[in-house]
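Engineer: Next up is a structure, given as structure tokens.
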Amino acid sequence: MTADFHFYEPRLGHGLPHDPFNAIVGPRPIGWISSRSADGLLNLAPYSFFNAFNYVPPIVGFSSIGYKDTVRNIEATGEFVWNLVTRPLAEAMNQTCAPVGPEVDEFALAGLTPVNSNLVQVPRVLESPVSFECRCTQVVQLQTAAGATVPSWLVLGEVVGVHLDRRLLVDGVYDTAAAGHVLRGGGPADYFSVGPEQLFKMFRPQ
């Protein structure tokens, strides 16, 4: 049976009711990033383009569409914290999406508790079961294949400290399903959660 493919060149438009790119590259971990401005103002914002990029040292990164407060803060201080979004925290995370000014504390806006980190000066979200304390390694403005700059910035950071709820360790192994990760999907409002029903095991060839 021959598949019937819809083909498009992104530069010319996709011709569909909603851009499928975000739905195809997904679901994706959410970069729930806390940062602090040079003046000490707190910021907490979610980014749907987030992932891990290296094991040793552990490096994570997120992309900001537009030069937002988070990027400005990280460039000023060199630090940020990633906080895991779980199903019970989904609504609070969504509140931190609000388009508010830099003077607004999203921790307070979403009813969350900032708690001091151990190694960086940026607080983590107390309610989150996992947080990564990070020191910025690179901030890169993205470019097209032709070399033209894009108004998006990739922020990479080395994870220098990890806070991990011991309840999520089963015989010393982190239980992703039990944590209830929330992931960003496609469409204007699609999210996914991870549970034991999605788990299957497949070991690498030896």
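Engineer: Can you give the longest run of the chain that contains no chymotrypsin sites (Phe, Trp or Tyr not before Pro) sitting in a DSSP loop with at most 10 other Cβ atoms inside 10 Å?
Structural biologist: Result, exposed sites excluded: 56-199.
Engineer: Calculated from DSSP H runs of 4 or more alone, at -39500 (n - 2.57) each and per residue, what is the 222 nm mean residue ellipticity of the chain, nearest 500?
Structural biologist: My calculation for the chain gives -2500 deg cm²/dmol from helical runs alone.
Engineer: Another question, if that's okay. So, in nm, how far is label residue 121 from label residue 171 when the simple model puts each one 7 Å beyond its Cα toward the Cβ?
Structural biologist: Going by the 7 Å Cα→Cβ label model, 4.5 nm.
Engineer: Please list, by residue number, every one of the GluC sites (Glu not before Pro) in the range 109-169 that is coil in DSSP and has at most 10 other beta-carbon atoms within 10 Å.
Structural biologist: Qualifying residues, ordered by number: none.
Engineer: Pick from 77, 144, 176 the residue whose mean-square fluctuation is largest in a GNM of the chain, springs joining Cα atoms under 10 Å.
Structural biologist: 144
Engineer: For the range 24-198, what size does the Cα cloud have along each of its three principal axes, sorted from largest down, in whole Å?
Structural biologist: So the extents along the principal axes, rounded to whole Å, are 47, 37, 34.
Engineer: Further question on the same structure: Please sort by residue number the GluC sites (Glu not before Pro) in the range 1-105 whose DSSP state is loop and whose Cβ has at most 11 other Cβ atoms within 10 Å.
Structural biologist: 103
Engineer: Hey, quick one: spin label on residue 65, modelled 7 Å out along Cα-Cβ, who in the range 84-120 has an amide N within reach, i.e. under 15 Å?
Structural biologist: Taking a point 7 Å out along Cα→Cβ of residue 65, the residues of the range 84-120 whose backbone N falls under 15 Å are 97-99.
Engineer: Run the numbers for residue 137 and residue 8: contour at 0.36 nm per residue of separation, minus the present Cα-Cα distance, in nm.
Structural biologist: Once the chain is fully extended between residue 137 and residue 8, it gains 42.9 nm.
Engineer: Going 7 Å from the Cα of residue 76 in the Cα-to-Cβ direction, what parts of the range 34-65 have a backbone nitrogen less than 14 Å from that spot?
Structural biologist: 35-44
Laboratory data are not the source of any read-out in this text; all were calculated from the coordinates shown. In this text the structure is predicted, and so the values were computed from the model without any measurement. Glycine also receives a Cβ, built like all others from the backbone with ideal geometry; neighbour counts cover every protein chain displayed.
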